[in-house]
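Written below as structure tokens is the structure these notes are about.
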Amino acid sequence: MKYKKVHIVGGSGAGKTTLAKAYSQWSGVPYAEIDDIFWLDVGNRSKRSIDERSNLLQSIIDSECWVMEGVFYKWLTPSFESAEKIIVLNTPKWVRFYRIIKRALCQIISGPKSYFTTVSNHLELIRFNHSYNSIHYIPTLEILAEYGDKVVICNNYKEAMRELNM
């Protein structure tokens, strides 16, 4: 079964983007990055207004199908409600740290490929990753608790692929 509406959450470097893009390619479901909704200009750390962010989110939710991913959770109730499946990537902290460092080094060597292209941005991701489990993971699960069986916690990419029937 292919899910038409999938929301993937997890810390920086958890594998959200990789999983969402793979699911999009496999299923034909359009991919949306929550960073694109939240940030007006990520490099300068300027956020969209709440109204603009809400309108962009709603336009995605109103579409027939989507897979979206991101670390945010507090303002995403409409997408959680609409999702058929919510994947929580509970990737170990050291794996996330390794991926963030690898991403930073690749960008230094070959040029920017994502939003977080400055040393300052990468350091912020490392700090965020360090505190993610203690500050953000439990509140994310608390918010998602009301969505019951459509929420699945996966410890790695392969588990998530199985849950998405890939």
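The values are calculated or read from the model by the stated rules, or taken from the named source; none is laboratory data. Note that the structure is a prediction, hence the values are computed from the model and not measured. Neighbour counts are summed over all protein chains in view; Cβ atoms, including those assigned to glycine, are modelled from backbone coordinates with ideal geometry.
Pairing residues of segment 126-147 that are touching a residue at least 40 places away in the same chain (Cβ under 8 Å) with residues that are among the aromatic types (Phe, Trp, Tyr) and part of a helix (DSSP H, G or I), at Cβ distances under 6 Å and at least 6 apart in sequence or on separate chains, gives ASN129/PHE97; TYR147/PHE80.
SER12 fulfils the conditions (1) over 17 Å from ASN129 (Cα atoms); (2) buried (at least 16 other Cβ atoms within 10 Å of the Cβ); (3) modelled with pLDDT under 90; (4) within 13 Å of the chain's Cα centre (by Cα) except for a single criterion, (1). Of everything listed in (1) farther than 20 Å from PHE128 by Cα; (2) surrounded by fewer than 17 Cβ atoms within 10 Å (Cβ to Cβ), the single unmet condition for SER46 is (1). Comparison of LYS85, LYS102 shows that the only residue that is charged (D, E, K, R) and more than 24 Å from ILE61 (Cα to Cα) is LYS102. Among the residues making up segment 144-156, those that are surrounded by 16 or more Cβ atoms within 10 Å (Cβ to Cβ) and in a helix (DSSP H, G or I) are LEU144, LYS150.
Within segment 117-155, the residues that satisfy the criterion of being touching a Gly at 6+ places or on another chain (Cβ under 8 Å) and among the polar types (S, T, N, Q) are THR117, THR118, ASN121, ASN129, ASN133.
Every residue, every condition in (1) modelled with pLDDT of 85 or more; (2) among the hydrophobic types (A, V, I, L, M, F, W, C); (3) surrounded by 16 or more Cβ atoms within 10 Å (Cβ to Cβ); (4) under 18 Å from ASN155 (Cα atoms), yes or no:
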residue	(1), (2), (3), (4)
LYS85	yes, no, yes, yes
PRO92	yes, no, no, yes
PHE97	yes, yes, yes, yes
THR118	no, no, no, no
